[in-house]
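The values are calculated or read from the model by the stated rules, or taken from the named source; none is laboratory data. These numbers were taken from a predicted model, which means no experiment stands behind them. Cβ placement follows ideal geometry from the backbone for every residue including glycine, while neighbour counts extend to all protein chains displayed.
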Amino acid sequence: MHISAIQKLTLLDFPGKAAATVFTPGCNFRCGYCHNAEFVLPERIAKLKESFIPEEVFLKFLAKRKNLLDGVCITGGEPTLQYDLIDFIQKIRSLGFLIKLDTNGSNPEMVKKLLTQNLLDYIALDIKASPKNYQKLVGIDAIEKVQQTRDAILHSKIDYEFRTTLVKELVDEEEWQKILHFIKGAKKYFLQNFQTRGGCLDPEFRKYHSFSPVELETMRAEALKLVGECEIRN
């Protein structure tokens, strides 16, 4: 398993749990607002390879944290691109830890295997845009795969969240309504306000803007007509 970085403790990434976060290198999307370019762009990843953390080192770290951590959040990049993800999760599970997976939804086959084998306790799916605008934002034709992942999650029995990063220049009222109908019936939805701090994968996004608190509350109220819970993350 390729591990590009770890966060030894987070109280935010895995809702309600104390967790460690594992970052995996590589992503098939090119979202302009992404803050993890070092885990996405091949030329940036190449510079980090010497500092990758061996799987056995991370597992030894976990073994020493059995009474301190509840779970592990696996994020990226895009974790489902890792061919040995299932094996890696099984090893973590054998140590008694819960698993949360962050995914862009482009690999429904992997997500379905993880759900079928009961290897996940929580999954977070990024909803990037409305179906019509997906390819423009992420750079590849992935909407059918994302739809399959969405459906698999909606029909699963585990805890989950959908979430969208909101960029004012990209999300007008029409786009917002189409996004909401794409996730209609979701149990939990998070609105993530766009931020430029920390840099963006596409420098052009530095010119873009976030929504105001009042605008976000209005959007939250609209979302609550179609989803069970909706919260704002800034």
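Collect the residues in region 147-158 that are in a loop (DSSP other than H, G, I, E, B), touching a residue at least 24 places away in the same chain (Cβ under 8 Å) and of a type outside the set (Val, Ile, Thr), keeping them in residue-number order.
SER156
Can you name the number of the only condition in (1) at pLDDT 95 or above; (2) of a type in the set (Lys, Arg); (3) within 22 Å of ASP102 (Cβ to Cβ) that LYS168 fails?
(3)
Select from region 14-32 the residues that are assigned to a loop (DSSP other than H, G, I, E, B), surrounded by fewer than 21 Cβ atoms within 10 Å (Cβ to Cβ) and not hydrophobic (A, V, I, L, M, F, W, C) and list them in ascending order.
Within region 14-32, PRO15, GLY16, LYS17, GLY26, ASN28, ARG30, GLY32 meet the criteria.
Any residue at all in region 52-70 that is within 22 Å of GLN192 (Cβ to Cβ) and either surrounded by 19 or more Cβ atoms within 10 Å (Cβ to Cβ) or at pLDDT 95 or above (or both)?
No, that holds for no residue.
So the check is Cβ under 7 Å with 6+ separation or different chains; which pairs have a first residue in region 203-224 that's surrounded by 13 or more Cβ atoms within 10 Å (Cβ to Cβ) and part of a loop (DSSP other than H, G, I, E, B) and a second one that's at pLDDT 95 or above and among the basic types (Lys, Arg)?
If the second residue must be at pLDDT 95 or above and among the basic types (Lys, Arg), the pairs left are TYR208/LYS168; SER210/LYS168; PHE211/LYS168.
Filter region 186-234 for residues that are within 27 Å of TYR122 (Cα to Cα) and of a type in the set (S, T, N, Q); which is modelled with the lowest pLDDT?
ASN234
Residues of region 21-61 being among the acidic types (Asp, Glu) and in contact with a strand residue (DSSP E or B) (Cβ under 9 Å, 6 or more places away or on another chain), which ones?
GLU38
With respect to LYS91, is the statement that it is more than 23 Å from TYR134 (Cβ to Cβ), of a type in the set (D, E, K, R) and in contact with a Phe, Trp or Tyr (Cβ under 8 Å, 6 or more places away or on another chain) true?
In short, no.
Considering only region 139-158, state which residues are surrounded by 12 or more Cβ atoms within 10 Å (Cβ to Cβ) and basic (Lys, Arg).
Once the filter is applied, which keeps residues that are surrounded by 12 or more Cβ atoms within 10 Å (Cβ to Cβ) and basic (Lys, Arg), region 139-158 yields LYS145, ARG150.
Residues being in contact with a helix residue (DSSP H, G or I) (Cβ under 8 Å, 6 or more places away or on another chain) and part of a loop (DSSP other than H, G, I, E, B): count how many of those fall in region 118-146.
Of the residues in region 118-146, 8 are in contact with a helix residue (DSSP H, G or I) (Cβ under 8 Å, 6 or more places away or on another chain) and part of a loop (DSSP other than H, G, I, E, B).
Just a yes or no: is a residue in region 125-140 in contact with a Gly (Cβ under 8 Å, 6 or more places away or on another chain) and either among the polar types (S, T, N, Q) or over 22 Å from LYS184 (Cβ atoms) (or both)?
no
How many residues does region 164-192 contain that are among the charged types (D, E, K, R) and either without any contact (Cβ under 8 Å) to a residue 12 or more places away in the chain or buried (at least 20 other Cβ atoms within 10 Å of the Cβ) (or both)?
Number of matching residues: 3.
Here is a list of conditions, (1) out of contact with any helix residue (DSSP H, G or I) (no Cβ under 6 Å at 6 or more places or on another chain); (2) crowded, with 21+ Cβ neighbours inside 10 Å; (3) farther than 19 Å from GLN192 by Cβ, and VAL40 meets all of them except one; can you say which number that is?
Here VAL40 meets the rest and fails (3).
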